[in-house]
Amino acid sequence: GQQLNQSPQSMFIQEGEDVSMNCTSSSIFNTWLWYKQDPGEGPVLLIALYKAGELTSNGRLTAQFGITRKDSFLNISASIPSDVGIYFCAGFYGGSQGNLIFGKGTKLSVKP
Amino acid sequence: DTAVSQTPKYLVTQMGNDKSIKCEQNLGHDTMYWYKQDSKKFLKIMFSYNNKELIINETVPNRFSPKSPDKAHLNLHINSLELGDSAVYFCASSQFTRTVAFFGQGTRLTVV
């Protein structure tokens, strides 16, 4: 089946540092979504991207829909301890009834 | 007010048993999903319903049967539970297919 390649798998950073993660695919996607999952909770939407080249911010988070429509990145600026969690990219694959498929996640740890 | 709620949050049961997980959304969405998250945190879609009709049924053993009594509810029934069924199961909903999905808190199923 279709896969999204998300990297890095994990990151361990110091509070205040910037973070960057990305997702790539061999297929074209029409929508890219970024979710965050805290322990014991369901994924929560951070940013949704609908157009190639679109750059969208949500507070300290910025995400872009790649111009080729095959990739997306998420940046977090000035990380804080509550940024800890697993970040997932997701995209719709297939026709009008397409699946929302997920990357394997980036586990972020922040050291105070 | 919880948008997507699942019960129970934890479920421990023996191999061979039959169990159900319930999901309700109060967002007025037309589409509901079941996802399975394995021990490596990979999220994979199992089923998708639109207005009570099944539209996606991924390669899932037929021991898993979704039931949608109305568009606000999508329950998951599992027969003859196996050890490999242990995972976290997430219910989600979206206004239409191919739009942002909102997730419940998950049901951690442990089969012993």
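Quick look at the values:
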| quantity | calculated |
| --- | --- |
| So residue B:76, is it hydrophobic (A, V, I, L, M, F, W, C), over 13 Å from residue A:100 (Cα atoms) and either in a loop (DSSP other than H, G, I, E, B) or more than 11 Å from the chain's Cα centre (by Cα) (or both) | no |
| Any hit, region B:86-107, residues being in contact with a strand residue (DSSP E or B) (Cβ under 7 Å, 6 or more places away or on another chain), at pLDDT 95 or above, aliphatic (A, V, I, L, M) and outside any strand (DSSP E or B) | no |
| Complete set of residues in region A:90-112 that are out of contact with any strand residue (DSSP E or B) (no Cβ under 7 Å at 6 or more places or on another chain) and either at pLDDT below 80 or at the interface with chain B (Cβ under 9 Å from one of its Cβ atoms) (or both) | A:94, A:95, A:96 |
| Total residues in region A:18-63, condition more than 26 Å from residue B:34 (Cα to Cα) and in contact (Cβ under 8 Å) with a residue 12 or more places away in the chain | 12 |
| Unique residue being within 14 Å of chain B (Cβ to nearest Cβ) and either buried (at least 18 other Cβ atoms within 10 Å of the Cβ) or within 14 Å of the chain's Cα centre (by Cα) (or both) when the list is A:10, A:25, A:72 | A:10 |
| Check on residue B:83, touching a strand residue (DSSP E or B) at 6+ places or on another chain (Cβ under 8 Å), more than 14 Å from every other protein chain (Cβ to nearest Cβ) and more than 21 Å from residue A:99 (Cβ to Cβ) | yes |
| Residue count for region B:35-59, restricted to those that are in contact (Cβ under 8 Å) with a residue 24 or more places away in the chain and either facing chain A (nearest Cβ under 10 Å) or not in a strand (DSSP E or B) (or both) | 8 |
| Every residue from region A:1-17 that is modelled with pLDDT under 95 and in contact with a Gly (Cβ under 6 Å, 6 or more places away or on another chain) | A:4 |
| Residues located in region A:51-69, provided they are surrounded by fewer than 16 Cβ atoms within 10 Å (Cβ to Cβ) and under 14 Å from the mean Cα position of the chain (by Cα) | A:55, A:57, A:58, A:60 |
| Region A:36-47 - residue that is within 8 Å of another protein chain (Cβ to nearest Cβ) and crowded, with 18+ Cβ neighbours inside 10 Å and, of those, farthest from the chain's Cα centre (by Cα) | A:42 |
| Restricting region A:68-89 to residues that are part of a loop (DSSP other than H, G, I, E, B) and modelled with pLDDT of 95 or more, the residue that is nearest to residue B:103 (Cα to Cα) | A:84 |
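The values are calculated or read from the model by the stated rules, or taken from the named source; none is laboratory data. The shown structure was predicted, so the numbers you read here are calculated from the model rather than taken from an experiment. Don't worry about glycine lacking a Cβ; one is built from the backbone with ideal geometry, like all the others, and counts go over all protein chains shown.
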